[in-house]
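Have a look at the structure below, then the notes.
Computed from the coordinates by the stated procedures, all read-outs in this text should not be read as laboratory data. As the structure is a prediction and not an experimental result, all values here were calculated from the model. A quick note on method: Cβ atoms are made from the backbone with ideal geometry, for glycine too, and the neighbour counts reach across all protein chains shown.
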Amino acid sequence: MSAPRRIAVIPGDGIGHEVIPAGLAVLTRAAESGGFPLAFEHFDWGCEHYRRTGRMMAADALDRLADFDAIYLGAIGAPDVPDHVSIWEMVLPIRQRFDQYVNLRPMKLLPGVTGPLAGRGPADVDMICVRENSEGEYSGIGCLDADGAREEAIFTRRGIERIVRYAFELAARRPRRLLASATKSNALRHSMVLWDEVVEQVARDFPQVSWRKYHVDALAARMVTAPQGLDVIVGSNLFGDILTDLGAAISGSLGLAPGANLNPERLHPSMFEPIHGSAPDIAGQGIANPIGAVWAGALMLDHLGAPEAARRIEHAIAAVLADGDVRTPDLGGHATTADMTRALAARLP
């Protein structure tokens, strides 16, 4: 048996403490049954740590995380801690320090789930967003003073080229070979004009991929009115962030949606998380949907070199949802987090 992959586990806040144990139970079972052992180390960083220490995580947190193969994150945020503090003192520093420049978010309506779009089924909603995750609108450069605020978006040619190339490579491996580029070059005459230029240049290397640029507002509308025509979407940090929440909504629930923050070159650990927040309104009630966290765990296994275990988890998720017997409240049912976790584990071979 190979040496265990070392995973840093950060449940974080709110329902993170409920969905991460569920994810660990399912992905451990899937991985170890395939001879792919995992070793976990837990860290109590988050808003409670901030209340105690004035920091979202330990001073040497990034140095400690650098030694792990991957990071498994639950949720960050609390009503009494400003969001710009919780995100900028934890999530974004991790993404930037470890050059996790690809944010990968599947947006898929699974059989058995009722989405909000009338007349649309699983064959119509099957997209994946490749979001630039290291610069753009979330560069962190700017200032706030008595007279106003300035926020600078930083777009480098290198940053755009590598995320667009990753997206085209992904589209080339998918059956439909379609790519949509989210832009706003009619209004953002510097950053998005450069974005469009780089997309067009990279596209020449992928003649097998059909691609089209959309103004981001038109693309959002198309995700609702004609999702069947979309496959891989590539966008900037801000555009991708907004579009993927919309994608999760039309997939039936934010609680189903996974996310991966990837360093494709594997020079640093990548981070995997459900895209939902800490949900303080339901935290502690045991009713949070763990599927987003479980699916994120599957993405982690795939990245670490256990694609068979990842597929087993994805098949288990699809089977449980298709059966329809176990439904958490976000899906219109009354099942608990523990109920859903047991159902998923029971579906693993």
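Okay, here's what the table says:
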quantity	calculated
Given (1) 23; (2) 18; (3) 30, the label whose value is percent of Cα pairs over 36 Å apart derived from this model	(2)
Estimated FRET transfer efficiency when R0 is 51 angstrom, pair Leu348-Asp217 (beta carbons, to 0.05)	0.75
Which of Glu273, Glu265 has the fewest Cβ neighbours within 10 Å, and the rest in rising order	Glu265, Glu273
Full-extension gain in nm, Glu265 to Ala322, via 0.36 nm per residue minus C-alpha separation	16.9 nm
Compactness of region 116-250 - radius of gyration and Dmax, Cα, Å	15.6, 53
Cβ-derived FRET efficiency at R0 35 Å, Asp63 paired with Gln201, nearest 0.05	0.40
Computed [θ] at 222 nm, deg cm²/dmol, the chain (DSSP H ≥ 4; -39,500 (n - 2.57); rounded to nearest 500)	-12000 deg cm²/dmol
Positive-pole candidate from Thr183, Cys143, Gly121, dipole of region 116-250, charges at beta carbon	Gly121
Ranking of Trp211, Trp45, Trp195 by count of other Cβ atoms within 10 Å, fewest first	Trp211, Trp45, Trp195
Options Gly23, Phe36, Val102, ranked by Cα towards positive dipole end of the chain, top entry (Cβ charges)	Phe36
Filtered trypsin sites (Lys or Arg not before Pro), region 129-213: DSSP coil and at most 11 other beta carbons within 10 Å	Arg189, Arg204
Tensor-based shape of region 251-345 (alpha-carbon gyration tensor, a/c under 1.5 rounded, otherwise prolate or oblate)	oblate
P(r) tail fraction, region 274-321 - alpha-carbon pairs more than 15 Å apart, %	51
Efficiency of FRET between Ala172 and Ala146 - r from beta-carbon atoms, R0 41 angstrom, step 0.05	0.20
Counting DSSP beta bridges with both ends in the chain, the antiparallel % (nearest 5)	45
